[in-house]
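Below is one structure, written out as structure tokens; the observations come after it.
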Amino acid sequence: MSNLEFIKTYGHEEVAFFQNEKAGLRAIIGVHSTKLGPALGGCRLYPYASLDDALFDVLRLSRGMSFKNAAAGLPLGGGKGVIIADPKAKCQDLFEAYGEAVDSLGGRYYTAEDVNTTVQDMTWTMNKTKYVVGQDGVSGDPSPYTAIGGVDGIKAVAKFLFGSDSLKGVKIALQGLGHVGFDMAKQLLDLGADLIVSTYSNRKNMEEAKSWGAKEVPDADIYSTECDILAPCALGATLNYKTIPTLKCKAVAGIANNQLLDDECGVMLKKKGIAYAPDFIINGGGVINAGQEAFTTYDKEKVLVQVHNIYNTVYNILEESKKTGEPEGVIAQRFAEERIKNGLK
């Protein structure tokens with residue numbers, strides 16, 4: 001399917017391209033839906049090999065944010081920004097130019113941190129627009145809340161598999177030791193998990209995780225590692241026609257966005273008897289935290305209540321899938337689409 005066909009099929013309201021040669025900005029912002037409220041989604045900075053690759057990513061990510069926000073009960077739509085650049089080239093001018101791009105959409109899209117972007121980057125963005133969440137001094141870095149929700153989701157999967165949500169002795173293979181994955185690794189080890197990790201490029205975090213007791217495998221071997229739960233915590237589309245046949249896990253539960261290449265991959269997991277915690281459910285903690293800034297006064301205690309409810313949502317979806325035989329992703333997407341269509345109830 002071409003990217004133009006994806007836009008038609010996914011039903012995006014708007015896809016905008018931005019370029020500022022002086023600041024080095026090449027960016028795309030995708031607004032998938034504003035039916036429940038202004039679109040919210042982070043800004044990802046990545047050295048995409050082509051414009052088509054960047055567009056493919058922003059289309060999938062922005063649609064996923066519509067589902068994520070609706071499933072979390074937030075009065076927000078879904079959007080995403082991507083900046084095509086080397087992370088080493090980050091600077092104030094780049095993010096101020098991105099801020100001008102965000103501002104040009106007039107509040108239809110709120111941006112925030114994502115892969116390779118930080119609170120500092122969003123502070124620079126705010127020099128040119130007010131449509132930024134995850135602000136320093138308010139909700140701040142959303143990553144710790146994504147990690148909390150991710151660990152809660154893994155505990156729900158353990159309960160589904162073994163009848164107990166204790167992670168003591170549960171063998172977990174975690175792919176990706178970025179900001180959130182690294183935090184999750186620490187929490188999982190503290191909870192007694194038998195943790196196997198692959199770096200996805202961060203050697204410093206790998207060495208620290210190993211000092212805590214984690215075991216290392218090469219990136220390419222993480223899929224075929226025998227384990228109870230595989231936790232993809234890096235980039236998307238890693239569960240695909242090449243990797244799924246090699247899986248030796250009982251369940252998949254990680255916080256990477258768009259883990260399944262397409263819907264058929266969810267069917268493949270189901271046929272292999274592998275339970276799946278839908279990514280836009282389990283990784284919703286960060287947007288639950290940051291999203292409050294877009295529609296109400298920030299309240300950390302209310303945020304934590306909502307984040308911890310990820311446990312119940314994941315468990316209920318797994319149970320419904322077991323009962324009906326439907327793939328977990330299908331159930332989760334239907335839940336989100338019904339909320340988008342009929343409103344939050």
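The values are calculated or read from the model by the stated rules, or taken from the named source; none is laboratory data. Just so we're clear, the structure is a prediction, and the values are computed from it rather than from any experiment. Note that we place each Cβ from the backbone using ideal geometry, even for glycine, and neighbour counts take in every protein chain shown.
Return a yes/no flag: does segment 193-212 have any residue that is modelled with pLDDT of 95 or more and surrounded by fewer than 19 Cβ atoms within 10 Å (Cβ to Cβ).
So far as segment 193-212 goes, yes, one or more of its residues are modelled with pLDDT of 95 or more and surrounded by fewer than 19 Cβ atoms within 10 Å (Cβ to Cβ).
Can you report the number of residues in segment 82-103 which are free of Cβ contacts under 8 Å to residues at least 40 places away in the same chain and either among the hydroxyl-bearing types (Ser, Thr, Tyr) or touching a helix residue (DSSP H, G or I) at 6+ places or on another chain (Cβ under 6 Å) (or both)?
Qualifying residue count, segment 82-103: 3.
Hey, does segment 319-334 have a residue that's in contact (Cβ under 8 Å) with a residue 12 or more places away in the chain and farther than 19 Å from Ala253 by Cα?
Looking through segment 319-334, none of the residues is in contact (Cβ under 8 Å) with a residue 12 or more places away in the chain and farther than 19 Å from Ala253 by Cα.
Would you tally the residues in segment 205-235 being over 25 Å from Pro278 (Cα atoms) and acidic (Asp, Glu)?
3
Filter segment 116-140 down to residues that are buried (at least 20 other Cβ atoms within 10 Å of the Cβ) and modelled with pLDDT under 90 and give me whichever is farthest from Asn202 (Cα to Cα).
Ser139
Would you point out the residue of segment 134-147, among those that are closer than 24 Å to Pro47 by Cβ and outside any loop (DSSP other than H, G, I, E, B), that is nearest to the chain's Cα centre (by Cα)?
Within segment 134-147, the first condition is being closer than 24 Å to Pro47 by Cβ, and the residues that meet it are 134, 141-143, 146.
Those left that are additionally outside any loop (DSSP other than H, G, I, E, B): 143, 146.
Working: Ser143: 10, Thr146: 8 Å.
Checking each candidate, the answer is Thr146.
Suppose the filter is at pLDDT 95 or above, assigned by TED's automatic domain parsing to the domain that holds Ala89, at positive phi and in contact with a helix residue (DSSP H, G or I) (Cβ under 6 Å, 6 or more places away or on another chain); does Gly24 pass it?
It is true that Gly24 is at pLDDT 95 or above, assigned by TED's automatic domain parsing to the domain that holds Ala89, at positive phi and in contact with a helix residue (DSSP H, G or I) (Cβ under 6 Å, 6 or more places away or on another chain).
How many of the residues in segment 1-36 are among the hydroxyl-bearing types (Ser, Thr, Tyr), under 17 Å from Leu51 (Cβ atoms) and touching an Asp or Glu at 6+ places or on another chain (Cβ under 8 Å)?
Selection size over segment 1-36: 0.
Given (1) closer than 18 Å to Thr146 by Cα; (2) out of contact with any Leu (no Cβ under 8 Å at 6 or more places or on another chain), identify the lone condition not met by Gly78.
The single condition Gly78 does not satisfy is (2).
Could you please find all residues in segment 128-145 being under 20 Å from Ala39 (Cβ atoms) and among the charged types (D, E, K, R)?
Within segment 128-145, Lys128, Lys130 qualify.
Name the residues in segment 94-133 that are more than 19 Å from Phe17 (Cβ to Cβ) and assigned to a helix (DSSP H, G or I), would you?
Within segment 94-133, Val119, Gln120, Asp121, Met122, Thr123, Trp124 qualify.
If we keep just the residues of segment 66-81 that are in contact with a helix residue (DSSP H, G or I) (Cβ under 6 Å, 6 or more places away or on another chain) and either at positive phi or part of a loop (DSSP other than H, G, I, E, B) (or both), which is surrounded by the most Cβ atoms within 10 Å (Cβ to Cβ)?
Among those that are in contact with a helix residue (DSSP H, G or I) (Cβ under 6 Å, 6 or more places away or on another chain) and either at positive phi or part of a loop (DSSP other than H, G, I, E, B) (or both), it is Leu76.
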